Each structure stands twice: as C-alpha cells, then as structure tokens.
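K.L.:
The structure's right below; bear with me while I get my questions together.
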Amino acid sequence: MWQQTSIVDNRDVAGTGKIVSRSPATGEPLATVPALDQEGVQLAVEAATRAFPVWSSTTLAYRQRLLARWLRALVEEEAALAELVAREGGKPVAEARLVDIFPACEALSYLARRLHRLLEFQPVAPRQVLFSHWRAGYRFEPLGVVAIITPWNYPVGIPVIEIASAVAAGNTVVFKPASATVLTGLSVGELARRAGFPPGVINAVALPGAATDALVDDPRVAKVLFTGSVEVGRRVAQRCAARLAPCQLELGGKDAAVVAADADLERTARGLVWGAFENTGQTCASIERVYAVEEIYQPLVERVVALTRQLRVGDPLSEGVDVGPMTTLEQREVVATQVQEALAGGARALTGGAVPEGPGYFYPPTVLVEVSESMRVMQEETFGPVLPIVRVRDLEEAVARANASRFGLTASVWTRCRSTARRLVGELQAGVVTVNEHLVTFAEATGSWGGVKESGIGRSHGWYGLLELCNVKYVAQDFRRQRAMPWYYPYDEGFSRFVEAAVPALYAVGWQRLRGLVRLARTRRFRDRVAKLQLLAALDRLL
C-alpha cells in the first residue's frame, strides 16, 4: 500500500521534483517520489481553504463517524503499514505496531468516541454577581487551515494524532511528512482519503525543505504544527512570527531519569534499557541521561549492561530483532561523533561505542559511564541508541543535574517511595514526568504532550491538544428586558454612589461588607437596574 504521489483535494498530484526514499537497513532506494514545488504548496493550501467553510460547519457527530472510519482503515492495513514503517524507517515490525500504529489507533478511537464531550459548548456560571443573570460559557471553534510538518521517527503516530486532532476541531489540513519517510506519510494520507474525508480536508504533500517555507509563510495558513529539531523549530517560529501566525512546536529533548536508592533494580534496569533504545533511541523523549544515587549505581550499571548485551540488532523485517538500523545516515553520524568525543574525553563504553561494518545505518546500543556534564553527549540531543549513566551523591544532586539543561520535554523518577516520587515530580522541570515508567505516555490519548524551555511551545494530545487547535470563544448572553444596566451612562451622582458602595459590598469582609451591601441596596441604580432574583440566586457569592 505504498502511496507515491501527493494527495491534494483527494486527487493524486505528481510534482516535478524528486524525493528518494531509502531502506535504512541497506541504504538502497525504495522508491522515488515526485515532489511538489511552491506552486504545488499553493494548490494544497487553496484546496484546504476552499474546504474549510463547509468542513468547519459539520457536526461533531459527523466528524466522529469519519474518524471511526479512518480507524477501521488503519486497522485493516496495519500489517502492510507496519512493514512499510520497518522498510522505510527501520523499526522492527512488532515495534512499529507498538509505538507507531498503536498510539495512532488509540487517538482515533478516543476522538471518535469522546469528541462530542470534549468540544461541546461548556456553560460557566459567572462569578461576578452583577453578571449572575448571564447565560455564559465557552465555544470551541476551528482556526482555519492548519499546516502540519512531522518528523521521520514516528511517521504514523505523530501525523495521525495531529491530523486527527486538527480535523476533529473543524480545521482543514496540509500535511507535509518528512522526506526520509515520505512513503509512510503519504500512505497515512491515503488511508484518510479512503475513510471518506471530503476533498480538501486532508491534503498530504511531498515537499523538499525549500518548498516547506512556502507552506509556513502562506497567509492563508492559520496555524503551523511542527515536530522536529530545535534549530528548524526556531526558524519555523521566526517565520510564523513575521506574519503573527501562531505555531505549536514539539522539539528536542535530553530526557533525564532519576534513580533513587530504593528503586526496584530489575524493573528500573529494564525500563531504562527500553526507554533508551526503543526505536534505536530516535525519540525526542528517549532516556538520554541517567542519574543514579551511589547506593544503586553499580548494580544498576551491571544489570543495564547485561540487558543491553542481550538485545538483538538486525534487519527490522526479521523475526526476533529488538533494534533496527537508524533511519538516516546523517543521524548516525551525529551519534557516532558525540560518542567518539565522549570516549576521547575520558568516558568509557561498556557496550557498543563504534560504527559497525557492513551496509545500512546500524549503530549498536551503547552504555556510557564516567561521562562529564561538559560533553556534548550530555548537553545536546543525541537522538540515537546511547545511554550515559552518572553516579550522584543524592537525589538533590540528581534533580539539579537533570534540570541543568536547555531541554525539558519529559523526565522520569524511579523509586518505590510515594513521598519521594511526589517531591521529585514537582521538582523536575519537564512537560511530562512519569514514575517508574518512561516514554509511554505518548500512547495515552488523554495525556498532553509537550515540553518547557527549548523543548517546545504548546501541547498536543488530548483535550489540551485540541484546545491548541481551537479558537476558545467566551460567550455571554443577556436576554432580559432591561432598558439599561447599572454601569451604563450617565456617570451622575447616582452612579458614583452605586460604585462607591459596590466595591466594599462585593469585596470587603465582615461588617464592612455588610455595610456596603446595605448602602448598595439603598442606591437608585441598584433598585432600578439590578436583577434582584438573579442576585438572590447568587447569594452564596455575596455572603
């Protein structure tokens, strides 16, 4: 099911450029995709713009039905899609199902079942007692055309979650998948087309980097969702800022795991190994730093090394492989450079540590010790299968080191003590913190996803992710047959007496407040213009 052309207005559109998809296991080409240019970007944005008025007016129930059909199409093709992820991205097939397809299905299922409750009108009782007669609340309205630019490390999970959230909120989408996994991205678009989304609602475009700027810069694009590196994200933010367009950025991470002395050794070691080497470490929320207190440091290192040596590295299409190749040659070079610099600076590799011979973009799972905080492998995102483990005196030092980073995406605490966990959850600077687990909240549809510091702006996933894709409109309605409200002109002597009494009546305490209420009730403005019955209904807020 390899979709090899862009999808614009539900039609196959072939551009004049070229994007070559390669197998990371061999380095050989899989397919050449005809890429669009700036003119193709304009066609896609135009299609989304045309579709928006009708799509934005559809009912939540209708959108839920289409999301459910997209879920069914994804489930029907999950075997072929998992194999495509393995061929193009390098994940073992079983892992592709686990970390790419499973989160995508969960997000679609959640929205298909719960959207009406998430985005229906939310009434809110006014707290200001003078407004107690209002009928007020929040509407959640779409923004318009949303550009979604996704990376190659999760070519199904990230696009499906973000596209589904955008269209569920009533927006239309122009989706640009990463070039390294362009076949998978376009196939995600094809499954949406098969589900029956109307023309122009979801457009999937194969674009080289230069043409992507045209998508970000298009004034018809209401918001840009970007997932990728800090460097590119900063440029996206700057281009959006030039036209005052909002953007949501999910950027890099240098996630820390803090291990207390009482942590369960076996559970922690297994959790760290999986959290560091899943998807060959190519996850923004991979564990890239471990700070273990002295009492558990040595046994933890020994167990992590033993488990790492058991991992089977190989062809992602082969049965029983735990770790496949890295997705791109360029990223493997980044990893190899960081490790070699660390080794030259005094670090020791207890496993791996060198580029293997042979075809493909393989790099062995590598456990490093005796690293220093000044090393790039401890400062910059590695985005590869490297796990540095650091000995610390106590948890205070561990937290201080974990927070001394320009990143703050996710973090984890490993302990059996609930009070320790509660304290560290509050002290760690990250958008997501888990206890005795790491990384997996990406698959929880209700959990928000996003970071602090240079790890990004905004949130995706769940209700907070939906709000990022809505104009949250506060609505207040007054249908009483009242000729004038107390605050209307003229600002005469009666008005001055009213507001002079209103301040202590509403906000003072004790006898001062009671005196203010009596004075307020005696003013003519109060007698003529305040809704008495509604005020009595709000008596609890007055007293």
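K.L.:
Let me check I've understood the local charge: for residue 376, count other residues with C-beta under 15 angstrom from its C-beta, Lys and Arg +1, Asp and Glu -1. What total comes out? Intermediate values should be presented prior to the final figure.
P.N.:
Numbers: positive: 254, 289, 406; negative: 231, 288, 333, 341, 373, 380, 381.
Neighbourhood net charge equals -4.
K.L.:
Exposure proxy check: 375, 485, 326 ranked by fewest other beta carbons within 10 Å?
P.N.:
Details: 375 20, 485 15, 326 28.
Ranked by crowding around the Cβ, least crowded first: 485, 375, 326.
K.L.:
Right, next: Rank these for me by crowding, 197, 226, going from fewest to most other beta carbons within 10 Å.
P.N.:
197, 226
K.L.:
Using the Karplus equation 6.51 cos²θ - 1.76 cosθ + 1.60 (θ = phi - 60°), what ³J(HN,Hα) coupling, rounded to whole Hz, does each residue of segment 395-406 give in order, writing x for Gly and Pro?
P.N.:
Per-residue couplings from phi come out as 5, 4, 5, 4, 5, 4, 5, 4, 7, 7, 9, 6 Hz.
K.L.:
With θ set to phi - 60°, apply the Karplus curve 6.51 cos²θ - 1.76 cosθ + 1.60 along segment 356-369 and write out the HN-Hα couplings as whole Hz, x wherever there is a Gly or Pro.
P.N.:
Taking θ as phi minus 60°, the curve returns x, 6, x, x, x, 10, 6, 8, x, x, 10, 9, 10, 10 Hz for segment 356-369.
K.L.:
Could you tell me how many degrees, from 0 to 90 and to the nearest 10, lie between the Cα long axis of helix 329-344 and the main elongation axis, the longest principal axis, of the Cα atoms of the chain?
P.N.:
80 degrees
K.L.:
What is the angle, in °, between the Cα long axis of helix 182-195 and the longest principal axis of the Cα atoms in the chain? Nearest 10 is fine, range 0 to 90.
P.N.:
Helix 182-195 and the main axis of the chain meet at about 50 degrees.
K.L.:
Which entry in [x] 20, 44, 25, 10, 1; [y] 17, 39, 24, 14, 6, 0; [z] 20, 54, 25, 1 is this structure's computed P(r) over Cα pairs in 20 Å bins from 0, in percent?
P.N.:
The value matching this structure is [x].
K.L.:
For segment 235-275 and segment 420-442, compute the distance between their C-alpha centroids and round to whole Å.
P.N.:
11 Å
K.L.:
Taking amide H positions as placed in the peptide plane 1.01 Å from N, state which residues far from residue 10 in sequence (5 or more) or on other chains have amide H under 5 Å from it.
P.N.:
Excluding prolines and chain starts, which carry no amide H, the hits are 200.
K.L.:
Among 432, 531, 475, flag the residue with its Cα farthest along the positive direction of the charge dipole of segment 385-543, charges on Cβ as +1 for Lys/Arg and -1 for Asp/Glu.
P.N.:
Ranked along the dipole, the leading option is 531.
K.L.:
Something else now. Lys/Arg Cβ at +1, Asp/Glu Cβ at -1, dipole of the chain taken about the Cα centre: which of 16, 191, 168 is farthest positive-ward?
P.N.:
It is 168, whose Cα lies furthest towards the positive end.
K.L.:
If you line up the long axis of helix 510-522 against the longest principal axis of the chain, both from Cα atoms, how many degrees apart are they, to the nearest 10?
P.N.:
50 degrees
K.L.:
Per residue of segment 51-58, what does 6.51 cos²θ - 1.76 cosθ + 1.60 with θ = phi - 60° give for ³J(HN,Hα)? Whole Hz please, x for Gly and Pro, Karplus curve as stated.
P.N.:
6, 4, x, 6, 4, 5, 8, 5
K.L.:
In debye, nearest 20: dipole of the chain around its Cα centre with unit charges on the Cβ of K, R (+) and D, E (-)?
P.N.:
Numbers: 61 positive and 57 negative charges, 759 e Å.
Once rounded to the nearest 20, the dipole reads 3640 debye.
K.L.:
Right, something else. Can you put 296, 389 in order, fewest other beta carbons within 10 Å first? Kindly include the intermediate steps, with their values, before the conclusion.
P.N.:
Numbers: 296 20, 389 24.
Ordered from fewest to most neighbouring Cβ atoms within 10 Å, 296, 389 come out as 296, 389.
K.L.:
Which cysteines in the chain lack any other cysteine whose Cβ sits under 4.7 Å from their own Cβ?
P.N.:
If one checks each Cβ against the other cysteines of the chain, 105, 284, 417, 470 turn up with nothing under 4.7 Å.
Throughout, read-outs are computed from the coordinates displayed, never taken from laboratory work. The structure presented is a predicted model; accordingly, all values stated were derived computationally and were not measured. Heads up, the Cβs are rebuilt from the backbone with ideal geometry, glycines too, and the neighbour counts pull from every protein chain shown.
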